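*Asks:* Shown below is the structure under consideration.
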Amino acid sequence: MAEFWIGHRRYRTKGEAREAVREVLYRYTVGSTVDEEEDHLLLLDLLDMHHEADDKIGPGVEAFAIAPPQRGPYPGFEVIRTDGSRIDFSYQTCLKPPTYRQQVLNVMRDEVKSATNAYFESRKAAGSLISDQSGTQLESTNTAVSYFRGPSFVDIAEEFAETVGGWEAIEMTPSTEPGLGRFKDRDLADRWFSHHQERAVLGLLSKKENQRRPRR
């Protein structure tokens with residue numbers, strides 16, 4: 001069986017990944033909020049894998065809760081949005097194979113990871129690890145590089161995909177590490193990196209502030 005990834009978490013099989021999610025589901029009582037940070041982060045990455053993630057996330061994720069059974073005897077997960085609204089989502093749907101678009105987006109993030117890392121390091125070297133939203137002083141371990149001050153990462157990626165003929169025009173190498181391949185065409189990879197550099201308006205947030213924002 002092929003290994004399976006949820007965010008940066010590697011599982012030997014899809015079944016093992018499903019069991020990890022079920023452990024979170026049954027660790028809490030129906031109606032309670034998922035209050036362990038690692039559980040919350042797992043569910044954020046899981047929700048990103050849903051084919052209707054943007055609609056489910058809406059204005060941003062405040063928290064997750066355990067929803068009562070809708071059909072049958074089993075509870076489920078519920079998104080509590082930052083505007084107070086709630087919506088359920090199926091973890092089984094999230095665990096279905098990603099679309100080609102989702103796969104390319106993951107690779108595109110990986111291709112520009114050095115740029116976001118460099119931005120963080122430059123802010124750290126300048127002694128300006130401060131939230132660009134709240135002005136709060138940040139610790140290195142509680143800092144997230146965010147796109148909240150300009151176009152979202154997905155918007156930047158979609159712009160690029162349109163200029164090269166769509167998602168299918170971006171070919172990837174076979175997966176070799178952390179569940180991701182790379183752009184097969186390295187000239188195209190360089191063009192993507194340049195496009196990202198031109199369009200991205202990066203900023204710093206605390207991890208909690210970043211978790212509350214839409215995951216685009």
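The values are calculated or read from the model by the stated rules, or taken from the named source; none is laboratory data. If you're wondering where the values come from, they're calculated on a predicted model, not measured in any experiment. Using ideal geometry, Cβ is built from the backbone for each residue, glycine included, and neighbour counts are taken over all protein chains shown.
*Asks:* Out of everything in the range 122-178 that is part of a loop (DSSP other than H, G, I, E, B) and among the aliphatic types (A, V, I, L, M), what residue ends up being surrounded by the most Cβ atoms within 10 Å (Cβ to Cβ)?
*Replies:* Looking at the filtered set, the residue picked out is Ile170.
*Asks:* Might you let me know whether the range 54-73 holds any residue that is free of Cβ contacts under 8 Å to residues at least 24 places away in the same chain, more than 28 Å from Ala161 (Cβ to Cβ), out of contact with any Gly (no Cβ under 6 Å at 6 or more places or on another chain) and surrounded by 14 or more Cβ atoms within 10 Å (Cβ to Cβ)?
*Replies:* no
*Asks:* How about the range 95-115: which of its residues are in contact (Cβ under 8 Å) with a residue 60 or more places away in the chain and in a loop (DSSP other than H, G, I, E, B)?
*Replies:* If the condition is that a residue be in contact (Cβ under 8 Å) with a residue 60 or more places away in the chain and in a loop (DSSP other than H, G, I, E, B), then Leu95, Val112 are the ones that fit.
*Asks:* With respect to Ala118, determine if the residue is aliphatic (A, V, I, L, M), over 28 Å from Met49 (Cα atoms) and free of Cβ contacts under 8 Å to residues at least 24 places away in the same chain.
*Replies:* Considered against the rule, which asks whether it is aliphatic (A, V, I, L, M), over 28 Å from Met49 (Cα atoms) and free of Cβ contacts under 8 Å to residues at least 24 places away in the same chain, Ala118 comes out as no.
*Asks:* Among all residue pairs at least 6 apart or on different chains, which show Cβ distances below 7 Å where the first residue, located in the range 6-24, is small (Gly, Ala, Ser) and the second is assigned to a loop (DSSP other than H, G, I, E, B)?
*Replies:* What qualifies is Ala17/Leu95.
*Asks:* Now for a different question. Return the only residue of Gly31, Gly72 being at positive phi and at pLDDT 90 or above.
*Replies:* Result of the check over Gly31, Gly72: Gly31.
*Asks:* Okay, next question. Across the range 26-42, what is the number of residues that are of a type in the set (A, V, I, L, M, F, W, C) and either outside the structural domain of Pro68 (by TED's automatic domain parsing) or in a loop (DSSP other than H, G, I, E, B) (or both)?
*Replies:* Number of matching residues: 2.
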